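K.L.:
What follows is a single structure, and I will ask about it in a moment.
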Amino acid sequence: MTGATAVLHRPGTVGEAVRMLAEVGDVELLAGGTDLVPALRAGLRRPRALVALRRVLELRARGVAPDRLTIGAGVTYAELADWEPAPGLAAAARAVGSAQIRNTGTVGGALGSANPRGDLLTFLTAVDAEVLTRSARAGSRAVPLVGFLATGRRRGELVTAVRVPVTRGPQVFLKIGGRQAAYPALLNCALVVDGAAGRIRCAIGGVTTGRLRPGDAEDFAAGEIDWSAPLPSGAGVAQRFGELVALAAQEAPEQLPAGPRDPADYRWHAAGVLASRALARALAAASGDSDSGARGGADGDGTRGTGTA
Ligand SMILES: Cc1cc2nc3c(=O)[nH]c(=O)nc-3n(C[C@H](O)[C@H](O)[C@H](O)COP(=O)(O)OP(=O)(O)OC[C@H]3O[C@@H](n4cnc5c(N)ncnc54)[C@H](O)[C@@H]3O)c2cc1C
């Protein structure tokens, strides 16, 4: 699979895995293998060794504290799909690939691959997640996800977990893509209402090489809401929010190359439509409008995803 010289290591603990990363040097971490195995088969990567993480049970842990959730790097999409403490993360996990991909693909692998259209990373960007890493040289560190994605994983570094703040309010995840198992999605959008902080947080994947955080649109929507009263269902706010997101998409640096299915102007427009819809669903969920589709399900117009209150 990896050429005659590749050696397979199977550590049982994070400490062993980190030591192997430091000692072996030219090594790939193997989690679920959904990205790595095709790359090895195609000869795109030829590491001297593989460090398989499946036996490292520490990486499979999930923790719930009053203010934050910790999700081990070895947790699979399937394990997140019904996880009640993180409804938006669960919705993003349910939107991933086929059942086989959800059963094997992991959080650590999503961070290791850092695909600009990866579903989980869009949600993690919206909530300003932190990435926890360990290496023999630097020990343990916690870095903001945005910084981690900008610089990439350091040599010899293992992602051990991600940390997500607990927010009070609806969370929505929407995706435009082809049939369920097709990859990648064209665009995705995560939106979180953070009632305690009086903030709307939104991230769009599929427009830029990183994730788009439309700050002006977030500030506009937060400013339109009276946070001391029940949230409005707000169709007008959602429409303007979408227009501002489309503008931010258009003006964002480091645009992904346009493809035949997704010319740039389509992506900017679609980003605005997804964001507008996500905010409308979140506000409707908060105001208890059960006819709005705010509690999720598939749309008939090429978008799919869920909103959760
Ligand atoms: C048919 C198909 C459909 C797909 N559909 C979707 C989809 O709809 N949405 C979506 O978002 N993704 C999709 N994917 C992509 C894929 O499932 C994810 O990127 C997955 O999360 C990768 O996780 P893994 O455990 O399989 O990683 P692996 O393939 O094992 O590893 C991927 C990379 O991450 C590194 N890595 C693994 N674990 C760690 C760690 N703990 N610390 C640091 N680096 C690490 C590896 O060295 C490697 O470079 C699809 C893939 C396929 C093949």
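K.L.:
How do R163, R46 rank when sorted from fewest to most other Cβ atoms within 10 Å of their own Cβ?
P.N.:
Ranking R163, R46 by Cβ neighbours within 10 Å, fewest first, gives R46, R163.
K.L.:
What is the Rg over Rh value, at two decimals, for the range 32-107, using alpha-carbon atoms and the Kirkwood definition of Rh? It would help to have the intermediate numbers written out before the result.
P.N.:
Working: Rg = 14.3 Å, Rh = 13.7 Å.
Using only Cα positions, Rg/Rh for the range 32-107 is 1.04.
K.L.:
Among V7, V162, which comes first, second and so on when ranked by fewest other beta-carbon atoms within 10 Å?
P.N.:
On the way: V7 12, V162 27.
Arranged by neighbour count, lowest to highest, V7, V162 become V7, V162.
K.L.:
Once a ≥ b ≥ c are taken as the square roots of the eigenvalues of the Cα gyration tensor of the range 7-52, is the result rounded (a/c under 1.5), prolate (a/b larger than b/c) or oblate (a/b not larger than b/c)?
P.N.:
Values: a/c = 2.93, a/b = 1.65, b/c = 1.77.
Oblate shape, in that a/c is at least 1.5 and b/c is the bigger or equal ratio.
K.L.:
I need L174, L44, L30 ordered by Cβ neighbour count within 10 Å, fewest first. Walk me through the intermediate numbers first.
P.N.:
On the way: L174 27, L44 9, L30 21.
Going from least to most buried by this count: L44, L30, L174.
K.L.:
Could you tell me whether the range 92-240 comes out rounded, prolate or oblate from its Cα gyration tensor? Rule is a ≥ b ≥ c as square roots of the eigenvalues, rounded for a/c under 1.5, then prolate if a/b exceeds b/c, otherwise oblate. Numbers along the way, then the final one.
P.N.:
Numbers: a/c = 2.17, a/b = 1.43, b/c = 1.52.
Oblate.
K.L.:
With viscosity set to 1.567 mPa s at 4 °C, what whole-number translational diffusion coefficient in µm²/s follows for the range 119-190 from Stokes-Einstein and a Kirkwood radius over Cα pairs?
P.N.:
Numbers: Rh = 13.9 Å.
For these conditions, the coefficient is 93 µm²/s.
Since every read-out is calculated from the coordinates, none of them should be taken as a lab result. Note that the coordinates shown come from a computational prediction; the quantities given were computed from them, not determined experimentally. We place every Cβ from the backbone using ideal geometry, glycine too, and count neighbours over all the protein chains shown.
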